[in-house]
Amino acid sequence: MHTATYASPHARLRALPFAAARLTGGFWAERQAVNRAAGLRHGYAQLEQAGNFYNLRLAAGLTTGDYKGYLYLDSDLYKWLEAVSYALAAGPDPELQALADRTIGLLAAAQQGDGYLNAYWQVAKPGQRWTDLDHGHEMYCAGHLFQAAVAHHRATGRPDLLTLACKFADHIDATFGPGKRQGACGHPEVELALVELYRETGERRYLALAAYLLDWRGHRHFRAFGSFGPEYYQDHAPVRDFSEVVGHVVRQFYLDVGVVDLYLETGEPALLAAAQRRWHDATAHKMHVTGGFGARYEGEAFGLPYELPSDRTYCETCAAIGGMMLNWRLLLATGEARYAELFERGLYNGFLAGPALDGRSYFYVNPLQSRGGYARSAWYATACCPPNVMRTLASVEHFLATTSAAGVQVHQYAAAEITLGPRALRLDTHYPWDGDITLTVTATDAAEWELQLRIPTWAAGATATLNGAPLAAALTPGAYAAVTRAWQVGDVIQLRLPLTPRFTQPHPRIDALRGTLALERGPLVYCLEQGDQPAGVDLLDVQVDLAAQPQTTARADLPGVVALAAPGYRLNVAALAETLYYPADAAPQPRAPLTLTAVPYYAWANRGAGAMRVWLPAA
């Protein structure tokens, strides 16, 4: 997940060096601690149980038997290994280190002499490698290996996994490209990974291969997948030419991440322009309030503009992660606050709803309404989401800030320390529960430099001081407050972001949501869960009072979480008996006032699999 754009010539902002940021406490440190102590170890056990390690042992000739599971299982192991690498960078862990070393040794044993490595095609389909580029996921799996290898090299400095990955990349480069075999993978991923591998090694062949693979797509090469045509693969038009996000959501986002990554290295304007057009379509027409994407179960796909149902939506956890990855690249390319804002929306809501609070179960699909009975699972036969969650949680600190020639930009707020050569900052905050953020300059050089702080669009009325005096910078919602000065050690900025609960209404063209409201506070989207409401109240029968101001409260069974109490009403639907439809001029049914309790959407289904809803009918 870490992107090393500090040498990318066309990046407006540079990602932080690998070890520059460290979480020191608070919300994200707590989530990382759970991921480290429970999630990563749980993941290893599940990979063993699901057959991922067993299949590699088969490929290495260390055991005998039949391949187990789907053909893309290698990718899940690689994402887990990437997550472990980030965890090891944050601090030593002999057990995790031993698991990583054992895994790398197994991969080395399974890799073939020419660099090829894929357990399914080595064991289940020997002699048939590269015969099903449309659906075979060989390059997709390779891409996740490359990302794991880059993360491991940056975290440990050891070359073993990186050498293994480069050997496979060299094999692919020797096989595909101009004057060689023609083709690309049906599932984009290797393109963005090749760019990162180029950044780590300086080998320009990897960058050229990424460009070739992106250019090859879009000419209707791929075979239909069931009833899904070329749009499913984003193969209907060249990457520079189309403006709407289409087909399989994760494929689309991974494709565009690769497009922006290539732009950051080449500076080709058409690449950035195309990605921005598609980003606009995704976020203006096809994004859920949680920052999730994907309206349809069929094809794990985007729907039409404004097709955003609550109960039958898909919102795959990997799709939220893909959206975050794209927003991050576009932020690096442009420096525009809107991308950091949507990264935050996805981070706290669409993504964070995926893992359970205990780190041992996961959602694959994230509805915005449940009638009950929907719960997270410990693992999945297609287990792309759990290790994707693990690597994202393990790398959160890399997305807090960036640098440029002008100075430092802070995009996300968390308790952390950031060290950039002679300059260093400490952030102290209880965000997102509290809107007070203290930034202290703990080291600096004598030169003037600029510090930028993002002011979210919902933070009208934000205030800030520098060493106790009002900050001489505009605090415009949706932009950055910028201060340039010769900083001194001990300089303190105190930023206060109002966290007043607010109602959000949907676009009137979203038929499924017309007449409803969502409840938000700061970066968090809230929801109602059945168990928090007064006894006997059905979530299908409630309305929220738009004229009343929700208040903060607490739930003893969600320690540390800020809940909201919202005045509303319970409809008397019993009077309708079994009448499904009734005259429009019928007298309104009596309703009774009540107080509704809302909790952050990410925390739902941690206390049982009861009913839940985000969008609430307004009184």
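Here are a few things to note about the model shown:
- For the range 564-578 versus the range 49-74, the gap between their alpha-carbon centres in whole angstrom: 54
- Computed packing ranks the peptides 188-200, 536-548, 302-314, 352-364 as 188-200, 352-364, 302-314, 536-548, most packed first, by mean other Cβ atoms within 10 Å.
- Length-normalised contact order for the range 502-617 - Cα pairs under 8 Å, 6+ apart - percent: 35
- Helix-only mean residue ellipticity at 222 nm for the chain, each DSSP H run of n ≥ 4 adding -39500 (n - 2.57), per residue, nearest 500: -10500 deg cm²/dmol
- Using θ = phi - 60° and Karplus 6.51 cos²θ - 1.76 cosθ + 1.60, couplings along the range 476-490 (whole Hz; Gly, Pro as x): 8, x, x, 9, 10, 8, 10, 10, 10, 6, 7, 6, 10, 4, x
- Relative packing of 330-339, 523-532, 235-244, which averages over residues the other C-beta atoms within 10 Å, highest first: 523-532, 330-339, 235-244
- The mean sequence separation of alpha-carbon pairs under 8 Å and at least six residues apart, normalised by the residue count of the chain, gives a relative contact order of 13 percent.
- Once both labels are positioned 7 Å from their Cα atoms along Cα-to-Cβ, the gap between SER404 and GLN551 label points is 4.4 nm.
- Charge tally in the Cβ shell below 13 Å around ALA148, where Lys, Arg are +1 and Asp, Glu are -1, ALA148 excluded: -3
- Long-range amide H partners of VAL525 with built H, under 5 Å: TYR601
- Whole-number percent relative contact order across the range 129-244, with pairs defined as alpha carbons under 8 Å at least 6 apart: 25
- In the range 424-485, the alpha-carbon atoms span a convex hull of 90 Å³ per residue.
- Summing Lys and Arg as +1 and Asp and Glu as -1 over all other residues whose Cβ lies under 12 Å from the Cβ of GLU448 gives a net charge of 0.
- Just so you know, the averaged projected area of the alpha carbon convex hull for the range 502-617 sits at 8.4 nm².
- Within the shell of other residues whose beta carbon sits under 14 angstrom from the beta carbon of VAL123, the net charge comes to +1, with Lys and Arg scored +1 and Asp and Glu -1.
- Pairwise alpha-carbon distances in the chain exceed 32 Å for 48% of all pairs.
- Put a plus charge on the Cβ of each Lys and Arg, a minus charge on the Cβ of each Asp and Glu, and nothing anywhere else: the dipole of the chain about its Cα centre is then about 80 debye.
- Seen from all directions on average, the range 440-531 presents a Cα convex hull projection of 9.0 nm².
- Legend: ranking of residues HIS144, HIS187, HIS221, HIS411 from fewest to most surrounding C-beta atoms inside 10 Å; resulting order HIS221, HIS411, HIS187, HIS144.
- Packing rank of 202-213, 499-510, where each peptide gets the mean count of other beta carbons within 10 Å, highest leading: 202-213, 499-510
- Applying 0.36 nm per residue to the separation of GLN505 and VAL492 and subtracting their alpha-carbon distance, the gain on full extension is 0.9 nm.
- Whole-angstrom gap from the range 233-251 to the range 161-224, using each part's C-alpha centre: 18
- Full extension of the segment from THR382 to ARG223, taken as 0.36 nm per residue of separation minus the current Cα-Cα distance, would add 55.1 nm.
- Here the spin labels are modelled as points 7 Å beyond Cα on the Cα-Cβ line, and at TYR70 and GLU450 they lie 4.5 nm apart.
A short reminder: the numbers here are calculations on the coordinates, not readings from a lab. Because the structure is predicted, anything quoted here is derived from the model rather than measured. Note that each Cβ is placed from the backbone with ideal geometry, even for glycine, and that neighbours are counted across all protein chains shown.
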